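Take a look at the structure below.
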Amino acid sequence: MRYSAFSIVKNALTGNVNWKPAWRQPEPKPFYDVIIVGGGGHGLATAYYLAKEFGLKNIAVLEKGYLGSGNVGRNTTIVRSNYMLPGNEPFYEFSMKLWERMEQDLNYNAMLSQRGIINLYHNDGQRDAYIRRGNAMWMEGVAAELLDRAALKKMLPFLNFAHARFPIMGGLLQKRGGTARHDAVAWGYARAADRLGVDLIQNCEVTGIRRENGVVTGVETSRGFIGCGKLGLAAAGNTSRVGQMADLKLPIESHVLQAFVTEGLKPAIDHVITYGAGHFYISQSDKGGLVFGAEIDGYNSYAQRGNLATVEHVMEEGVTMIPGLSRVRVLRSWGGVMDMSMDGSPIISHTPIDNLYLNCGWCYGGFKATPASGFCFAHLIAKNETHPVARFLRLDRFERGYPIDEHGAGPQPNLH
Ligand SMILES: Cc1cc2nc3c(=O)[nH]c(=O)nc-3n(C[C@H](O)[C@H](O)[C@H](O)COP(=O)(O)OP(=O)(O)OC[C@H]3O[C@@H](n4cnc5c(N)ncnc54)[C@H](O)[C@@H]3O)c2cc1C
């Protein structure tokens, strides 16, 4: 059923009993041309574009829990394309353009809100780095604006301009950045993929990868063996575990990232704001809750919960930036497992194993990448060829010595 104003009115007048489930619950078939492991945003988007853009028909997404139970439903929903390096900026801008037409494309309200993202700077060196980043964005045709302290004070009067330990001097604004409703993105891709015939199989954990003569032939799952022509991994925080099933040792560490939401407030913060003297970032949801987060927990973990020391640290950063936050009550916090790569940039790639393709390394930032990641991964799997905007994101960059070190943090995932 197509969603439209007409279908809403029609269903309202008939008691809302005729809505169909958004996707089917198929039994797994013995064989698929392509299997994607992971029913998060990236896996679902990949399946959708495989069917829509590349005309493949016999596709399944295998998800160990329920669709959207991973990071796609746990993130702080920030979308942006304000990167500096040529390995990243064209890719994220491609993603932004896909975001801008996603709702029409999927016939689903993803609640994209291009409210603008502002990265604060606190010293001259950081300002110069943002000028450089802004110029790099302009060179890729992406608008950026440097704001000085006076402009910022007018736009965001609630920031701590008076007594901050790291005084706020200004910010870099990308007006097209903003937020989107994370669950809706998973549901929108799931529904659209299902309509194109993709089998979305939930409660189906991949427990092994079968290879014959070095070529992947299928996966062992909690629902039995399923054969496949090609296998794509989009398992985010569990990538290294799934990779191990094919003896792939990957440059990925898993860490927990926590997020928080407060009680609902009247509209107060109408941008996404990030703190330059730490990792803190904040926005306000359409329901009024302030949604925020900061650093990853410093140790490796596959548990979807973090520890209190990081909670305290995040709160301190938040209150330093916005003193009024100390009066607001936090309602909920949660964690997700991040696939942190060794240069802080993602991997969309062939692997050394025939018919096995890899999508991972999204660190803090994979939500904004969802459409481009799905598109480029589908391109790679369907054509066996890297999409031009993802050409720097190959796995072999680590072997060849070409990391994309956007943050200049080196191979230290806990600093990215
Ligand atoms: C707290 C938090 C805040 C974040 N904030 C932002 C943000 O503001 N902006 C941004 O751009 N990014 C953000 N991110 C990052 C972003 O959410 C992730 O990078 C992105 O969602 C990862 O891709 P995905 O959606 O496919 O992952 P997931 O949704 O995690 O999908 C992977 C799926 O694979 C499944 N899986 C794993 N192992 C198996 C198996 N063996 N068999 C079958 N299925 C399996 C999992 O159950 C999971 O559903 C944040 C992440 C977190 C945790």
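A few comments on the model shown:
- Filter pass, Ile273 being part of a strand (DSSP E or B) and away from the ligand (no atom under 12 Å from the Cβ): yes
- Restricting segment 191-215 to residues that are within 9 Å of the ligand (Cβ to nearest atom) and not hydrophobic (A, V, I, L, M, F, W, C), the residue that is farthest from Ile59 (Cα to Cα): Thr207
- Unmet criterion (only one of (1) in a helix (DSSP H, G or I); (2) open to solvent by less than 40 Å² (accessible area, probe 1.4 Å)) for Arg241: (2)
- Taking every residue in segment 55-71 that is under 14 Å from Ile36 (Cβ atoms) and open to solvent by 10 Å² or more (accessible area, probe 1.4 Å) and pairing it with any residue that is within 7 Å of the ligand (Cβ to nearest atom) and of a type in the set (D, E, K, R), at least 6 positions away or on another chain, the pairs with Cβ-Cβ distances below 7 Å are Lys64/Glu205.
- Odd one out for Ile168 among (1) within 16 Å of the ligand (Cβ to nearest atom); (2) of a type in the set (A, V, I, L, M); (3) open to solvent by less than 10 Å² (accessible area, probe 1.4 Å): (1)
- Total residues in segment 1-43 satisfying the condition of being farther than 18 Å from Val219 by Cα, within 22 Å of the chain's Cα centre (by Cα) and assigned to a helix (DSSP H, G or I): the figure is 2.
- Single unsatisfied condition, Ser222 versus (1) within 23 Å of the chain's Cα centre (by Cα); (2) of a type in the set (S, T, N, Q); (3) surrounded by fewer than 19 Cβ atoms within 10 Å (Cβ to Cβ): (1)
- For Asp194: the one exception among (1) touching a residue at least 60 places away in the same chain (Cβ under 8 Å); (2) closer than 30 Å to Ala144 by Cα; (3) open to solvent by less than 60 Å² (accessible area, probe 1.4 Å): (2)
- Residues being among the hydroxyl-bearing types (Ser, Thr, Tyr) and more than 12 Å from the ligand (Cβ to nearest atom) - total across segment 346-394: 4
- Subset of segment 365-404 [part of a helix (DSSP H, G or I) and within 18 Å of Leu250 (Cα to Cα)]: Gly366, Phe377, Arg397, Phe398, Glu399, Arg400
- Which listed residue, of Lys97, Lys154, is open to solvent by 70 Å² or more (accessible area, probe 1.4 Å), within 16 Å of the ligand (Cβ to nearest atom) and basic (Lys, Arg): Lys97
The values are calculated or read from the model by the stated rules, or taken from the named source; none is laboratory data. This one's a predicted model, so the numbers in the text were calculated from it and none came from an experiment. Note that we place each Cβ from the backbone using ideal geometry, even for glycine, and neighbour counts take in every protein chain shown. Remember, those area values only see protein heavy atoms, side chains included, never the ligands or the DNA or RNA. Shrake-Rupley method; radii C 1.70, N 1.55, O 1.52, S 1.80 Å.
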